[in-house]
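A short reminder: the numbers here are calculations on the coordinates, not readings from a lab. Since the structure is predicted, the reported quantities are computational estimates derived from the model, not experimental observations. No Cβ is skipped: glycine too gets one built from the backbone with ideal geometry, and neighbour counts run over all protein chains shown.
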Ligand code: AMP
Ligand code: MN
Ligand code: MN
Ligand code: MN
């Protein structure tokens, strides 16, 4: 089975439209796909999930905050029309708009004017995120790359890293469960936590009703996969896997080229097969 349960379109910070992404997934012979845009389900307004060669699981990547740290929680198999998902996307898209204004003010203080308009143009109507500010800073020649924009202005601890925007994990997991979905902790190695802290996060996550862990996120080294599989076994969390695809240029996050799960994991997709 070729599974990809984490990817993005132009509805958030991806570069392919929903239709372009679906064509690429079909070309890559993906069997089960979840489009998981940041804080929006708008992709699902454009597709009939029943009417494709591949199985589509309705998904979303919700931003959250655990003890002052930003984390991401993927909701899989959510009902996009449910009251809790409507509440989640309404609250978080308002938070994104407010945050965008604050980021633009901070960047203006550093001498970069009109960043809100610039980032909006880069977002082409989708949910606005830090990558759109990064792209704008590249476009105006303030930095030479997206990576440099994050390192200097938008990444952790920098001016454009705004805290306290997102619902806590209890709330986010509650929204996902109320929408009939399963909550999965996204890309656990991206939070730069010690093993002890990660185990603490997983305990809180599970206590709040979280059920899955992304054992594979994009291209990663086998020792990381083994360690995450072990954490699944120790905690009883089900395993998920996704590319975290944003753009065809990023070969470390290639759509539909997700490594298989180790044998000792319980794949979360067994629920929907
Ligand atoms: P946001 O959801 O607006 O806070 O933006 C977070 C997104 O920015 C992530 O989902 C990544 O797609 C992207 N991102 C985070 N850090 C970096 C980085 N150092 N370089 C490039 N993109 C990044
Ligand atoms: Mn992203
Ligand atoms: Mn993420
Ligand atoms: Mn993602």
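Residues in segment 153-175 that are part of a loop (DSSP other than H, G, I, E, B) and more than 20 Å from residue 62 (Cβ to Cβ): 5 in all. Within segment 1-53, the set of residues being more than 16 Å from ligand 2 (Cβ to nearest atom) and part of a helix (DSSP H, G or I) comprises 19, 20, 22, 23, 24, 25, 26, 27, 44, 45. Within segment 101-143, the residues that satisfy the criterion of being out of contact with any strand residue (DSSP E or B) (no Cβ under 8 Å at 6 or more places or on another chain) and within 16 Å of ligand 4 (Cβ to nearest atom) are 123, 126, 128, 130, 131, 132, 134. Name the pairs whose Cβ atoms lie under 6 Å apart, with the first residue in segment 1-15 and touching a residue at least 60 places away in the same chain (Cβ under 8 Å), the second within 11 Å of ligand 1 (Cβ to nearest atom) and not in a loop (DSSP other than H, G, I, E, B), and 6 or more positions between them or separate chains? From segment 1-15, the pairs are 7/245; 12/38; 13/131. Each residue in segment 29-50 was checked for being within 16 Å of ligand 1 (Cβ to nearest atom) and closer than 13 Å to residue 245 by Cα, and 5 of them qualify.
A quick yes/no check of all residues on (1) farther than 30 Å from residue 160 by Cα; (2) surrounded by fewer than 24 Cβ atoms within 10 Å (Cβ to Cβ):
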site: 19; (1), (2): yes, yes
site: 30; (1), (2): yes, no
site: 46; (1), (2): yes, yes
site: 73; (1), (2): no, no
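Return a yes/no flag: does segment 85-105 have any residue that is part of a loop (DSSP other than H, G, I, E, B) and either away from ligand 3 (no atom under 16 Å from the Cβ) or free of Cβ contacts under 8 Å to residues at least 60 places away in the same chain (or both). Within segment 85-105, none of the residues are part of a loop (DSSP other than H, G, I, E, B) and either away from ligand 3 (no atom under 16 Å from the Cβ) or free of Cβ contacts under 8 Å to residues at least 60 places away in the same chain (or both). Picking from residues in segment 234-258 that are loosely packed, with under 14 Cβ neighbours inside 10 Å and away from ligand 1 (no atom under 16 Å from the Cβ), the one that is nearest to residue 56 (Cα to Cα) is 236. Do we find that residue 103 is crowded, with 23+ Cβ neighbours inside 10 Å and more than 21 Å from residue 240 (Cβ to Cβ) in this structure? It is true that residue 103 is crowded, with 23+ Cβ neighbours inside 10 Å and more than 21 Å from residue 240 (Cβ to Cβ).
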